[in-house]
1. Which numbered condition trips up ALA7, out of (1) within 14 Å of CYS126 (Cα to Cα); (2) modelled with pLDDT under 95?
2. Just to check your reading of the model, which residue among ARG135, ARG139 is in contact with a strand residue (DSSP E or B) (Cβ under 7 Å, 6 or more places away or on another chain) and either open to solvent by 50 Å² or more (accessible area, probe 1.4 Å) or modelled with pLDDT under 85 (or both)?
3. Can you name the residue in segment 87-121 that is basic (Lys, Arg) and in a strand (DSSP E or B) and is also farthest from LEU56 (Cα to Cα) among such residues?
4. Would you point out which residue out of THR63, THR30, THR26, THR55 is over 21 Å from ALA117 (Cα atoms) and polar (S, T, N, Q)?
5. Could you list, in sequence order, all residues of segment 93-116 that are out of contact with any Asp or Glu (no Cβ under 9 Å at 6 or more places or on another chain) and exposed (fewer than 12 other Cβ atoms within 10 Å of the Cβ)?
Amino acid sequence: LRLESIASDAAAGIDGPMHASLRGSTAAETDGFFAIRDHLRAIKSRYELNTDVYTLRRVGERTEFVVMTNDKPFSGDSYLLRDEMRPAYERGLRARTGLYGDQHGLWISGYAPIRGANGEVDAIVCVDRKADLHRASARKIALLSVVSALITASLLFLLAMLNNRRGNLIQRVRALPRRSLTMRIGLSGSGAVLAALALSGLL
């Protein structure tokens with residue numbers, strides 16, 4: 001949702017008729033291009049984005065780059081239209097993707113429409129977020145959860161051992177799962193957590 005909001009903020013500050021006049025690879029040589037690029041760069045700086053912001057125009061079943069915050073423009077380059085873009089292009093709605101990958105990594109993108117002089121959608125703003133960092137963060141969280149579950153189970157095991165003073169050590173260890181409700185709850189809870197983490201990791 002944040003990416004959609006940023007894209008909407010960027011789209012609101014773009015002069016629609018000016019953007020509509022930018023066509024093909026020569027668009028990067030016009031004053032309109034530089035004006036819109038400066039605006040997009042201001043948006044990028046305001047929200048502290050570490051990826052570029054750009055505008056796209058639909059051409060059949062492809063989408064074409066128009067203005068981008070990169071130092072080296074590539075206006076006129078295109079790629080296959082994504083289905084998630086269609087609500088923005090066809091109905092003028094904000095939209096976003098799920099997690100997707102390309103040769104540059106994993107991404108999540110947000111879109112917002114740019115309207116021309118007649119009020120119809122002329123192009124869209126696209127804001128990307130690198131998702132590799134999210135994946136790395138999720139792995140760290142999963143690892144910490146496993147360690148926490150193991151530590152909790154170990155503490156419960158030790159507490160139960162200290163509370164049970166009958167028999168020798170081996171007998172106490174064998175008897176804990178049967179006699180100690182605390183131990184059974186601890187083992188069951190830890191097992192459920194580990195199973196859930198394993199399943200989410202596979203997914």
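1. For ALA7, the exception is condition (2).
2. Details: ARG139 fails: in contact with a strand residue (DSSP E or B) (Cβ under 7 Å, 6 or more places away or on another chain).
ARG135 is the lone residue from the list that is in contact with a strand residue (DSSP E or B) (Cβ under 7 Å, 6 or more places away or on another chain) and either open to solvent by 50 Å² or more (accessible area, probe 1.4 Å) or modelled with pLDDT under 85 (or both).
3. Step one: of segment 87-121, the residues basic (Lys, Arg) are 91, 94, 96, 115.
Subset that is in a strand (DSSP E or B): 96, 115.
Working: ARG96: 14, ARG115: 12 Å.
Among those that are basic (Lys, Arg) and in a strand (DSSP E or B), it is ARG96.
4. Details: THR63 fails: over 21 Å from ALA117 (Cα atoms); THR30 fails: over 21 Å from ALA117 (Cα atoms); THR55 fails: over 21 Å from ALA117 (Cα atoms).
Unique residue meeting the criteria: THR26.
5. So in segment 93-116, the residues out of contact with any Asp or Glu (no Cβ under 9 Å at 6 or more places or on another chain) come out as 93, 99, 101-104.
Within segment 93-116, LEU99, GLY101, ASP102, GLN103, HIS104 meet the criteria.
The values are calculated or read from the model by the stated rules, or taken from the named source; none is laboratory data. Source: prediction; values computed, not measured. Note that we place each Cβ from the backbone using ideal geometry, even for glycine, and neighbour counts take in every protein chain shown. The protein model used for the area step is the full one, side chains on, heavy atoms only, and it has no ligands, DNA or RNA in it. Shrake-Rupley method; radii C 1.70, N 1.55, O 1.52, S 1.80 Å.
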